[in-house]
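Colleague: After the structure tokens below, expect a handful of questions from me.
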Amino acid sequence: MDPTVNEAEEIYQRLVRKKSVLGVMVFNENGIRTSMDNATTTEMANALVPLNDLARKTVRDLDPDNDLLFFRIRTSKNEMMIGVDEGYLYIVIQDARFIRTQHMPK
């Protein structure tokens with residue numbers, strides 16, 4: 001089922017409200033919705049959109065009947081999650097240090 005514009009906006013709003021999230025970008029054929037400034041959005045989009053394209057191509061090269069739906073990259077500072085839903089590309093950047101502290105035993 002394709003997400004509607006309202007559903008995509010609800011997903012965007014839900015992600016933006018999370019404490020660990022540093023930024024959200026949602027791309028579709030009409031443009032981009034972002035919670036970050038232009039410079040950061042441009043930098044992240046220029047790095048992560050081609051990475052998404054390459055990852056999707058790799059999955060299809062391995063199995064033409066398959067498609068990449070979601071992947072995650074974790075660094076010492078950030079975690080970047082990229083998800084694809086019909087007509088939408090979601091990119092979420094979150095603070096990995098915040099996440100790590102949430103999973104530490106008390």
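The values are calculated or read from the model by the stated rules, or taken from the named source; none is laboratory data. Since we're looking at a predicted model, the values are computed, not measured. Neighbour counts run over all protein chains shown; Cβ positions are idealised from the backbone, glycine included. These accessible areas exclude ligands, DNA and RNA; they are computed on the full protein's heavy atoms, side chains included. Shrake-Rupley method; radii C 1.70, N 1.55, O 1.52, S 1.80 Å.
Colleague: Lys and Arg at +1, Asp and Glu at -1: add these up for the other residues within a Cβ distance under 15 Å of L15 and post the number.
Modeller: Details: positive: R14, R17, K18, K19, R33, R72; negative: E7, E9, E10, E79, D85, D95.
Taking every other residue near L15 into account, the sum is 0.
Colleague: I've got another one for you. To the nearest 10 degrees, how steep is helix 5-16 against the longest Cα principal axis of the chain, on a 0 to 90 scale?
Modeller: It is inclined by approximately 30 degrees.
Colleague: Please report the relative contact order for the chain, taking Cα pairs under 8 Å with a sequence separation of at least 6, and give it as a percent rounded to a whole number.
Modeller: Relative CO of the chain lands at 30 percent.
Colleague: For the residue pair A55 and T40, what label-to-label distance in nm results when each label sits 7 Å from Cα along the Cα-to-beta-carbon direction?
Modeller: 2.0
Colleague: I would also like to ask the following. Which of (1) 23, 18, 14; (2) 32, 20, 10; (3) 17, 17, 14 is the computed semi-axes √(5λ) of the Cα gyration tensor in Å for the structure on display?
Modeller: Correct label, based on the coordinates given: (1).
Colleague: Could you sort the peptides 7-19, 55-67 by per-residue average Cβ neighbour count (10 Å cutoff), highest mean leading? Don't skip to the answer; put the middle values down first.
Modeller: Numbers: 7-19: 13.6, 55-67: 10.8.
Packing order, densest peptide first, comes out as 7-19, 55-67.
Colleague: Next up: Skip the ligands, DNA and RNA, and give the accessible area per residue of the chain with a 1.4 Å probe, whole Å².
Modeller: Numbers: 7250 Å² over 106 residues.
Computed with neighbouring chains in place, this is 68 Å² per residue.
Colleague: So what's the net charge close to R56: Lys and Arg +1, Asp and Glu -1, counting the other residues with Cβ under 15 Å from its Cβ?
Modeller: Local net charge: -4.
Colleague: Another question about this same structure. For the ranges 39-49, 21-31, 85-95, what's the packing order if you count other beta-carbon atoms within 10 Å of each residue, average per peptide, and put the highest first? Walk me through the numbers on the way to the answer.
Modeller: On the way: 39-49: 14.0, 21-31: 16.3, 85-95: 18.3.
So the peptides 39-49, 21-31, 85-95, ranked by packing, come out 85-95, 21-31, 39-49.
Colleague: Give me the percent of accessible area attributable to carbon and sulfur for the chain, probe 1.4 angstrom.
Modeller: Accessible surface attributable to carbon and sulfur in the chain totals 53 percent.
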